[in-house]
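Peer 1: Take a look at the following structure, please.
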Amino acid sequence: MDRRTLLGTMGAVGASAFLSGCAGATEPVATPFFKRIGKPIGLQTYALGPEAGEDLGETFAILKELGFGEVELPNLYDRSATEVRALADAAGMPIASLHVHAVPLTPGATFVLGDDPTPVIDAAEELGVREIVIPVPVVPEGFAMREGEGFGEAMNRAFSSVGVEHWQAMAEMLNLQGAAVKERGLVLGYHNHNLEFAPVGESTGWDVLMSETDADLVKVQLDVGWVTQAGLDPLEELNKLRDRVISLHVKDVAEGFTPSYYLAPNPIEVGQGIIDWASVLLAAEAAGVGHYFVEQEPPFTKPRLEAMRQSLQFLQSLAA
């Protein structure tokens, strides 16, 4: 969807909404949640696929025109932090958060926190980002995808056999990285999938991470969709974690899904699935959540940008 098509669609939608609102409705309309709390609706640009980086400045401009108020980046799209910041500033799009791996997920990756987070922290400061989020757990030593194997299959194979020790070692690493990030005045967060909730002995990887990381050093980006995908209640997680949650991934799950621990998402646009978003957002507000990023996993049944627009419009009108 190019910008001209996008604006034409927005104009038609806006006119339709205006006319329907003039059709004699007399009852007061509840204030939408995001307007009431005065926070922007953000987008994790991972949801747009790698194509978002082909013309990143245009991507930022389109998202701004759609009505998104900030973005979270999955990477720097093979650019320097200075280049990305310039493109975002030109579009008037704040970058609120950045995903960075704790250690390389694949051989040769260099933009990771690792033993010396200084380059990542420098880049975050250049972007104007205050929050650095680790998007996936550290994979077991020797992990490699096999020929013909999907990512979900590989992660299932890798994590179905790990013990508590793996998660304990990861917690120790996160504490060290969190201390380095905090020393520079930034915040380190950890983003869950569903695999952290798989049983490990009498515990889970999630329980180990939450109990053995320092809550002052390692915060949480709670992915509501992945919590639900694991068969758990995101309200319970929000109420347990409270002010440790710095941001939400606002992601829905389609009806009729089968709970699972090893990826295998059942995606759908926000508001079209099974999650009670009014209750979730009220709990997030009570917990002091600072940022809300729309996200959706593939496969998509419509163009990605159109899916993001639908999710945005649902959230813009949702009263809570």
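Peer 1: Can you tell me the relative contact order of the chain? Whole percent, Cα pairs under 8 Å, sequence separation 6 or more.
Peer 2: With pairs under 8 Å counted, the relative contact order is 18 percent.
Peer 1: Which GluC sites (Glu not before Pro) from the range 88-170 combine a DSSP loop assignment with at most 16 other Cβ atoms within 10 Å?
Peer 2: For GluC sites (Glu not before Pro) across the range 88-170 that sit outside H, G, I, E and B with at most 16 neighbouring Cβ atoms in 10 Å, the list reads 141, 147, 149.
Peer 1: Moving on. Quick one: angle between helix 277-287 and the longest Cα principal axis of the chain, in degrees between 0 and 90, rounded to 10, please.
Peer 2: 60 degrees
Peer 1: Compute the angle between helix 3-21 and the longest alpha-carbon principal axis of the chain, please, reported from 0 to 90 degrees and rounded to the nearest 10.
Peer 2: 60 degrees
Peer 1: Follow-up question, since we're still on this one. So if R0 is 30 Å, what FRET efficiency would residue 77 and residue 254 give, r being the distance between their Cβ atoms, rounded to the nearest 0.05?
Peer 2: 0.55
Peer 1: Round to the nearest 0.05 the FRET efficiency obtained for residue 118 and residue 168 when R0 = 30 Å and r is the Cβ-Cβ distance.
Peer 2: The value I calculate is 0.70.
Peer 1: Still on this structure: With everything on Cα atoms, drop me the angle between helix 81-91 and the longest principal axis of the chain, reported from 0 to 90° to the nearest 10.
Peer 2: Approximately 10 degrees, to the nearest ten.
Peer 1: Follow-up question, since we're still on this one. Run through the range 109-206 and list the chymotrypsin sites (Phe, Trp or Tyr not before Pro) located in a DSSP loop whose Cβ has at most 16 other Cβ atoms within 10 Å.
Peer 2: Passing both the DSSP loop test and the Cβ count: 111, 143.
Peer 1: As a test of the formula, what do you get for the chain when each DSSP H run with n ≥ 4 contributes -39,500 (n - 2.57) and the sum is divided by the residue count, at 222 nm and rounded to the nearest 500 deg cm²/dmol?
Peer 2: -12500 deg cm²/dmol
Peer 1: Counting only DSSP beta bridges with both residues in the chain, what percent are antiparallel, rounded to the nearest 5?
Peer 2: The antiparallel fraction comes to roughly 15 percent.
Peer 1: Report the dimensions of the range 137-263 along its three principal axes from the alpha-carbon atoms, largest first, rounded to Å.
Peer 2: 43, 36, 28
Peer 1: Quick one: of 35/182; 219/302; 219/240; 39/64; 64/251, which pairs are farther than 22 Å apart, Cα to Cα?
Peer 2: 35/182; 219/302
Peer 1: Something else: Quickly work out the residue 35-to-residue 316 label distance, labels modelled 7 Å from Cα along the C-beta direction, and quote it in nm with one decimal.
Peer 2: Each label point lies 7 Å from its Cα, and together they span 1.1 nm.
Peer 1: In the chain, which longest range has no trypsin sites (Lys or Arg not before Pro) that are both DSSP loop (not H, G, I, E or B) and surrounded by at most 15 other Cβ atoms within 10 Å?
Peer 2: Segment 185-320 is the longest.
Peer 1: If R0 is 22 Å, what FRET efficiency do you get for residue 144 and residue 176 from their C-beta distance, rounded to 0.05?
Peer 2: 0.30
Peer 1: Could you calculate the contour length gain from residue 301 to residue 65, that is, 0.36 nm times the residue separation minus the distance between their Cα atoms, to one decimal place in nm?
Peer 2: Full extension from residue 301 to residue 65 adds 82.7 nm.
Peer 1: What ³J(HN,Hα) values, in whole Hz, does the Karplus curve 6.51 cos²θ - 1.76 cosθ + 1.60 give for the range 60-66 when θ = phi - 60°, with x put for Gly and Pro?
Peer 2: Along the range 60-66, the couplings run 4, 5, 5, 5, 4, 5, 5 Hz.
Peer 1: Hey, another quick one. Give me a comma-separated list of calculated 3J(HN,Hα) values for the range 291-303, in order, Karplus coefficients 6.51, -1.76, 1.60 applied at θ = phi - 60°, integers in Hz, x for any Gly or Pro.
Peer 2: 9, 10, 10, 5, 8, 8, 8, x, x, 9, 9, 8, x
Peer 1: Let me ask something additional. Any idea how far the Cα center of the range 113-143 sits from the one of the range 295-309, in Å?
Peer 2: 27 Å
Peer 1: Between residue 200 and residues 5 or more places away or on another chain, which pairs have amide H atoms under 5 Å apart, with H built 1.01 Å from N, and which residues are they?
Peer 2: HN-HN under 5 Å from residue 200: 205.
Peer 1: Here's a follow-up. Identify the residues of the range 34-77 with backbone N under 18 Å of a label point that sits 7 angstrom from the Cα of residue 86 along the Cα-to-Cβ direction, or state none.
Peer 2: Label zone hits: 53-61, 76-77.
Peer 1: Right, something else. Once every Cα of the chain carries one equal point scatterer and solvent is ignored, give the base-10 log of I(q)/I(0) from the Debye formula at q = 0.10, 0.11, 0.12, 0.15 Å⁻¹, two decimals.
Peer 2: Values, matching the q order: -0.58, -0.70, -0.84, -1.34.
Peer 1: From the phi angles alone, apply the Karplus equation (6.51, -1.76, 1.60; θ = phi - 60°) to the range 304-320 and give each ³J(HN,Hα) in whole Hz, x where the residue is Gly or Pro.
Peer 2: Running phi through 6.51 cos²θ - 1.76 cosθ + 1.60 with θ = phi - 60° gives 4, 5, 5, 4, 5, 4, 5, 4, 4, 5, 4, 5, 4, 9, 6, 8, 7 Hz.
Peer 1: When the chain is fully extended, how far beyond the present Cα-Cα distance does residue 151 get from residue 276, taking 0.36 nm per residue of separation?
Peer 2: 42.1 nm
Laboratory data are not the source of any read-out in this text; all were calculated from the coordinates shown. The shown structure was predicted, so the numbers you read here are calculated from the model rather than taken from an experiment. Don't worry about glycine lacking a Cβ; one is built from the backbone with ideal geometry, like all the others, and counts go over all protein chains shown.
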